[in-house]
Amino acid sequence: MSAAEFYISPESLHPIDLVETLAEHHAWDFDRMNEDQIAMAVEGQWRTYSVTLALDPYDSMLRLVCTFEMDPPEAAMPALYETLSRANDMVWSGAFSFWESQRLMVWRYGLLLDEDQPAGINQIERMIRSAIMAAERFYPAFQLVAWADHTPEAALRMALAEAVGRA
């Protein structure tokens, strides 16, 4: 049993209640916007990410959006979009996009829910961790393309290279 499961009673299985329990357990800042939506700030290695989860009862979907601000120069946009496309080819559990009007880099994922088997706390925690890991993994590549004039291929290669040795 995970530490988060210890605090959950069987009658509180609403997915956003589970997310709130996770936020409290991890000491993430959060705002319960309404019964079906919560926003959190999750600290990563590169920056703090804004993570929002919302339950859409009409589609029976739990939607996760992880964002971070990014204001790349206009000249870098074609290369940034190519980098996004290449990054999306490397992941299966969600997708990146850039919301130009808000100047936000976005990771999106939707979990289809089933009445007979609702989302569990471990599954929701994995969704959140997966979003943060994807943002952390590709953040350096986006930065290299936007501000250091790297090609998408070179930026992804450099950002995803494994470190060797000891510090």
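Among the GluC sites (Glu not before Pro) in the stretch 48-103, those placed in a DSSP loop whose Cβ has at most 14 other Cβ atoms within 10 Å are GLU100.
Selection among ALA75, PHE98, ALA87 by position relative to the dipole of the stretch 55-99 gives ALA87 as farthest towards the positive end (Cβ unit charges, Cα centre).
Over the chain, Cα pairs under 8 Å with separation of 6+ residues give a relative contact order of 21 percent.
Assuming 0.36 nm per residue, please report the length gained on full extension of the stretch ARG63 to ARG108 beyond their Cα-Cα distance. Please report the intermediate quantities before stating the final value.
Details: separation 45, 0.36 × 45 = 16.20 nm, distance 0.75 nm.
Result: 15.4 nm gained on full extension.
For the chain, the longest stretch holding no chymotrypsin sites (Phe, Trp or Tyr not before Pro) located in a DSSP loop with at most 10 other Cβ atoms within 10 Å is which?
Numbers: sites that count: TYR58, TRP92.
The longest uninterrupted stretch comes out as 93-167.
Dipole magnitude of the chain about its Cα centre, charges +1 at Lys/Arg Cβ and -1 at Asp/Glu Cβ only, in debye to the nearest 20? Provide the component values of the computation, followed by the final result.
Working: 11 positive and 26 negative charges, 156 e Å.
Dipole magnitude for the chain comes out near 740 debye.
Take every pair of alpha-carbon atoms less than 8 Å apart whose residues are at least six positions apart; their mean separation over the length of the stretch 16-57 yields a relative contact order of 33 percent. For the chain, the pair-distance distribution built from all alpha carbon pairs, in bins 10 Å wide starting at 0, is 10, 36, 30, 19, 6, 0 percent.
Grouping the Cα pair distances of the stretch 105-160 into 5 Å bins from zero gives a pair-distance distribution of 4, 18, 20, 16, 13, 10, 8, 7, 4, 1, 0 percent in increasing distance order.
Calculate, for the stretch 49-167, the solvent-accessible area per residue in square angstrom, rolling a 1.4 angstrom probe over the heavy atoms of the protein chains.
Working: 6810 Å² over 119 residues.
Normalised by residue count, the accessible surface of the stretch 49-167 is 57 Å².
The values are calculated or read from the model by the stated rules, or taken from the named source; none is laboratory data. Owing to the predicted nature of the structure, the values given are computational and were not obtained by experimental measurement. Cβ sites come from the backbone with ideal geometry, for glycine too, and all protein chains shown count toward neighbours. Side chains are part of the model used for accessible areas, which takes the heavy atoms of the whole protein and leaves out ligands, DNA and RNA. Shrake-Rupley method; radii C 1.70, N 1.55, O 1.52, S 1.80 Å.
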